[in-house]
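Peer 1: Shown below is the structure under consideration.
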Amino acid sequence: MSKPTYYITTPIYYSSGKLHIGHCYTTVICDAIARFKRMDGYDVFYLTGTDEHGQKVQQKAEAAGVTPKQFVDNLHEQIVKLWKVLNISYDKFIRTTDDYHEKAVQKIYEKLLASGDIYKSTYEGWYCTPCESFWTESQLVESKCPDCGREVRLQKEESYFFKLSKYSDRLIEFYKENPDFISPKSRMNEMINNFIKPGLKDLCISRTTFDWGVKLPFDPKHVAYVWVDALANYITALGYLQNDHSLYDKFWPADLHMVGKEIVRFHTIIWPALLMALGLPLPKKVYGHGWVLFGNDKMSKSKGNVVDPIVLADRYGADVVRYYLLREIPFGSDGSYTNEALLVRTNADLVNDLGNLVSRTTAMITQYFGGEIPAPDAYTELDKELVALCEGALDKVRADMDALSAPDALADIFKIIQRANKYIDETMPWTLNKNGDKARLGTVMYVLAECIRFSATLLSPFVPHTAERIFDKLGLDKPNDFSGLARFGGIGKGVTVHKGDNLFNRIDVDKELKELDKLAEQTNVEETEPQTPQISIEDFAKVKLVTAKVLSCEKVAKSDKLLVFKLQVGDEVRQVVSGIAQYYAPEYMVGKTVVLVANLKPAKIRGVESNGMILCAADGKKVVFVTPEAEIDSGKEVR
Ligand code: ME8
């Protein structure tokens, strides 16, 4: 019989900056779920990737002086490296710049056009470039982006629109029929009350003011809106609208889209509506997890409070990072990250509970039985308590994972570990040894080894490398599934343990906290978003800005870009060269009032003397000169 399938996705990560530990949260949770499901008998497809188009990427690439492709290639490489360090077992990594994806997105737009779901109009409204989101005036909070609190820009451009408004009723109906579609439940109410009930507006799904995106096949001066491009990854990665769509046939609809809470609305409103328009089945569940906070703030580069997961994984091992994220952040809600909590949790659970159990048990088996795990004698009532705990664990952990609660799953697994540690104190093997009670001592050792085998098997999805090391110490092969958990007593004859190194070394919390603070200072200096340096009012006063009237304007010989101006500046006439020939005809400029940087050092441009600079605004596609709002004489100061 073929296995049941399970398709799980992370969001695709923006390739606009290095990832911090908050980003790792989504991927690590999905990895634990994917690994658990694989071991639990599912045919799993785990997808992750990078979101590489859009205005934000284009702007950052320009700021870095590289092409957008070079920019995203570099970040893609870093992200893949990070997932490798954290042992992320994805089945596919999609990049939205992958050729197959771009072609499939074009086909999706063609389909939407053919079905009458998109039309051309003009978009006028607010745009948050960091979030790549459109907002109406009333949605803004204190004139800022309601999601990230950053500046928004007024945008007006010709765009294609998706008839999102048409899908309001169908969406609400779908939510009602599928009450588990949006989880946790509170997020469903948020979607209905904050977004659908106030009325869904048609969605602008193409942009023309920059070009780093998928070109629309029927109107190539438009590029696909980055969110439509990005959401489509969940089906293009499976071969949708491609020759080989066997993965799509096998895995779609997704069982779980795991996303951070701020992007739930894209996944539960826009994405289902797009799928409805395409006539495709809808995903089974979108889970909006909370944020990893730093203090009270969402961890983010622009706030300069990022914790670098590579630094943590290098110092303590990937499993320490994985364990902390899975165990400590309450699932579904926000949780604060602190270095102290990470270190204290590691010492308590991984060093004390798990590490000690494994090292004590392997040391005793080595000391008392020359390393070979002894066969058990008859079980006492006490032993039977541990047998029952182990045999009941998989059902409990499975129920926790069905509820997507890794913290509960880990707490249940650690019940075995903690119980086994207590069992050592209760049975006092050293006394049994002293008294020569080999039969009882053997049974105690066997029970302990079995408890470790059960725990390590169940821990495999969460801390895979540690589980592997434990099996190595036990002298057993790491299992690929949970079949060995059906029955206590799976360890056969002739198995030899190897104590080896400690699983985890105790961390000196005070010392490490200081080290981590030092490292964070370095990381956050490097990683803050490029910002324009602040200047004092005295610095600004050094720049002399004045109004100037254009007396004449001509093209500079043999140049497509340059215009030479004669400007009236009070009583003076100035010659200034400006690179705006592609945007303005010389005759248009005559008589206009411009703003001049008047105290710029003179320069020769293409052999023509230039005494100042005309102020212009640019957006990457066009350049416009700056002019006073009302008539004013030339030579007047601009402040
Ligand atoms: O949103 N705590 O990408 P992204 C918890 N490209 N999770 C966090 C977090 C934090 N401090 N910071 C980020 C995008 N995340 C889009 C997705 S999908 C079609 C397109 C999570 O790189 C965030 O919530 O900004 C999201 O789930 C993931 O990291 C990627 O965020």
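The values are calculated or read from the model by the stated rules, or taken from the named source; none is laboratory data. This one's a predicted model, so the numbers in the text were calculated from it and none came from an experiment. All Cβ positions, glycine included, derive from the backbone under ideal geometry; neighbour counts span all protein chains shown. Surface accessibility is based on the protein's heavy atoms, side chains included, excluding ligands, DNA and RNA. Shrake-Rupley method; radii C 1.70, N 1.55, O 1.52, S 1.80 Å.
Peer 1: Do you know which residues across the range 266-303 are more than 11 Å from the ligand (Cβ to nearest atom), crowded, with 20+ Cβ neighbours inside 10 Å and modelled with pLDDT under 95?
Peer 2: none
Peer 1: Sticking with this one: List every residue pair whose Cβ atoms sit under 9 Å apart, with the two residues 6 or more apart in sequence or on different chains, where the first one lies in the range 170-197 and is more than 19 Å from Leu404 (Cβ to Cβ) and of a type in the set (Phe, Trp, Tyr) and the second, anywhere, is open to solvent by 20 Å² or more (accessible area, probe 1.4 Å) and modelled with pLDDT of 90 or more.
Peer 2: Phe174/Met276; Phe174/Leu282; Phe195/Arg265
Peer 1: From Val66, Val72, which residue is within 16 Å of the ligand (Cβ to nearest atom) and farther than 23 Å from Leu293 by Cα? Spell out how you get there, then give the answer.
Peer 2: Values: Val66 fails: within 16 Å of the ligand (Cβ to nearest atom).
Just a single option satisfies the conditions, and that option is Val72.
Peer 1: Moving on. Conditions: (1) among the aliphatic types (A, V, I, L, M); (2) free of Cβ contacts under 8 Å to residues at least 40 places away in the same chain; (3) within 16 Å of the ligand (Cβ to nearest atom). Ile329 meets all but one. Number of the miss?
Peer 2: For Ile329, the exception is condition (2).
Residues checked against (1) assigned to a loop (DSSP other than H, G, I, E, B); (2) under 30 Å from Arg207 (Cα atoms):
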residue: Lys561; (1), (2): yes, yes
residue: Gln568; (1), (2): no, no
residue: Val573; (1), (2): no, no
residue: Tyr583; (1), (2): yes, yes
residue: Glu609; (1), (2): no, no
residue: Thr627; (1), (2): yes, yes
residue: Ser634; (1), (2): yes, no
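Peer 1: Can you name the number of the only condition in (1) away from the ligand (no atom under 16 Å from the Cβ); (2) touching a Pro at 6+ places or on another chain (Cβ under 6 Å) that His257 fails?
Peer 2: With respect to (1) away from the ligand (no atom under 16 Å from the Cβ); (2) touching a Pro at 6+ places or on another chain (Cβ under 6 Å), His257 is out only on (1).
Peer 1: For the range 94-129, enumerate the residues that are modelled with pLDDT of 95 or more, outside any helix (DSSP H, G or I) and either buried (at least 18 other Cβ atoms within 10 Å of the Cβ) or β-branched (Val, Ile, Thr) (or both).
Peer 2: Ile94, Arg95, Thr96, Thr97, Asp117, Ile118
Peer 1: For Val72, work out the one condition from (1) in contact with an Asp or Glu (Cβ under 8 Å, 6 or more places away or on another chain); (2) surrounded by fewer than 19 Cβ atoms within 10 Å (Cβ to Cβ); (3) assigned to a helix (DSSP H, G or I) it doesn't fulfil.
Peer 2: (2)
Peer 1: When only residues in the range 34-65 that are open to solvent by less than 10 Å² (accessible area, probe 1.4 Å) and in a helix (DSSP H, G or I) count, which is farthest from Arg322 (Cα to Cα)?
Peer 2: This residue is Ala61.
Peer 1: For the list (1) within 10 Å of the ligand (Cβ to nearest atom); (2) free of Cβ contacts under 8 Å to residues at least 60 places away in the same chain; (3) open to solvent by 10 Å² or more (accessible area, probe 1.4 Å); (4) not basic (Lys, Arg), I need the number of the one condition that Glu262 fails.
Peer 2: (2)
Peer 1: Could you list, in sequence order, the residues of the range 151-179 that are open to solvent by 90 Å² or more (accessible area, probe 1.4 Å) and outside any helix (DSSP H, G or I)?
Peer 2: Once the filter is applied, which keeps residues that are open to solvent by 90 Å² or more (accessible area, probe 1.4 Å) and outside any helix (DSSP H, G or I), the range 151-179 yields Glu151, Arg153, Leu154, Lys156.
Peer 1: Yes or no: the range 425-434 includes at least one residue that is in contact (Cβ under 8 Å) with a residue 60 or more places away in the chain, touching a Cys at 6+ places or on another chain (Cβ under 9 Å) and of a type outside the set (Lys, Arg).
Peer 2: For the range 425-434, residues in contact (Cβ under 8 Å) with a residue 60 or more places away in the chain, touching a Cys at 6+ places or on another chain (Cβ under 9 Å) and of a type outside the set (Lys, Arg): absent.
Peer 1: Of the residues in the range 555-586, how many are exposed (fewer than 15 other Cβ atoms within 10 Å of the Cβ) and farther than 25 Å from Lys636 by Cβ?
Peer 2: Total meeting the criteria: 6.
Conditions tested, residue by residue: (1) touching a strand residue (DSSP E or B) at 6+ places or on another chain (Cβ under 8 Å); (2) modelled with pLDDT of 95 or more; (3) buried (at least 20 other Cβ atoms within 10 Å of the Cβ); (4) not charged (D, E, K, R).
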{"residue": "Val321", "(1), (2), (3), (4)": "no, yes, yes, yes"}
{"residue": "Ser333", "(1), (2), (3), (4)": "no, no, no, yes"}
{"residue": "Asp349", "(1), (2), (3), (4)": "no, yes, yes, no"}
{"residue": "Leu354", "(1), (2), (3), (4)": "no, yes, yes, yes"}
{"residue": "Ser359", "(1), (2), (3), (4)": "no, yes, no, yes"}
{"residue": "Gly370", "(1), (2), (3), (4)": "no, yes, no, yes"}
{"residue": "Asp383", "(1), (2), (3), (4)": "no, yes, yes, no"}
{"residue": "Val387", "(1), (2), (3), (4)": "no, yes, no, yes"}
{"residue": "Ala406", "(1), (2), (3), (4)": "no, yes, yes, yes"}
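Peer 1: For the range 134-150, give me each residue that is part of a loop (DSSP other than H, G, I, E, B), hydrophobic (A, V, I, L, M, F, W, C) and buried (at least 16 other Cβ atoms within 10 Å of the Cβ). Talk me through it step by step, then tell me what you get.
Peer 2: Filtering the range 134-150 down to residues part of a loop (DSSP other than H, G, I, E, B) leaves 136, 140, 142-143, 145-150.
Still in the running and hydrophobic (A, V, I, L, M, F, W, C): 140, 145, 148.
Within the range 134-150, Cys145, Cys148 qualify.
Peer 1: Can you tell me which residues in the range 458-476 are in contact (Cβ under 8 Å) with a residue 40 or more places away in the chain and open to solvent by less than 10 Å² (accessible area, probe 1.4 Å)?
Peer 2: Step one: filter the range 458-476 for residues in contact (Cβ under 8 Å) with a residue 40 or more places away in the chain, giving 458-466, 470, 473-475.
Residues satisfying the conditions are Leu458, Leu459, Ser460, Pro461, Phe462, Val463, Pro464, Thr466, Ile470, Leu474.
Peer 1: Moving to a separate point now. In the range 9-52, how many residues are within 13 Å of the ligand (Cβ to nearest atom) and in contact with a strand residue (DSSP E or B) (Cβ under 7 Å, 6 or more places away or on another chain)?
Peer 2: Summing the residues that are within 13 Å of the ligand (Cβ to nearest atom) and in contact with a strand residue (DSSP E or B) (Cβ under 7 Å, 6 or more places away or on another chain) in the range 9-52 gives 22.
Peer 1: Let me ask you something else. Do we have Gly591 as open to solvent by less than 40 Å² (accessible area, probe 1.4 Å), part of a loop (DSSP other than H, G, I, E, B) and at positive phi here? Show your work before the answer.
Peer 2: Numbers: open to solvent by less than 40 Å² (accessible area, probe 1.4 Å): no; part of a loop (DSSP other than H, G, I, E, B): yes; at positive phi: yes.
Answer is no for this residue.
Peer 1: Can I ask one more? For residues that are of a type in the set (Val, Ile, Thr) and assigned to a strand (DSSP E or B), tally how many sit in the range 315-368.
Peer 2: Filtering the range 315-368 for residues of a type in the set (Val, Ile, Thr) gives 320-321, 329, 338, 344, 346, 351, 358, 361-362, 365-366.
Checking which are assigned to a strand (DSSP E or B) leaves us with none.
Counting residues in the range 315-368 that are of a type in the set (Val, Ile, Thr) and assigned to a strand (DSSP E or B) gives 0.
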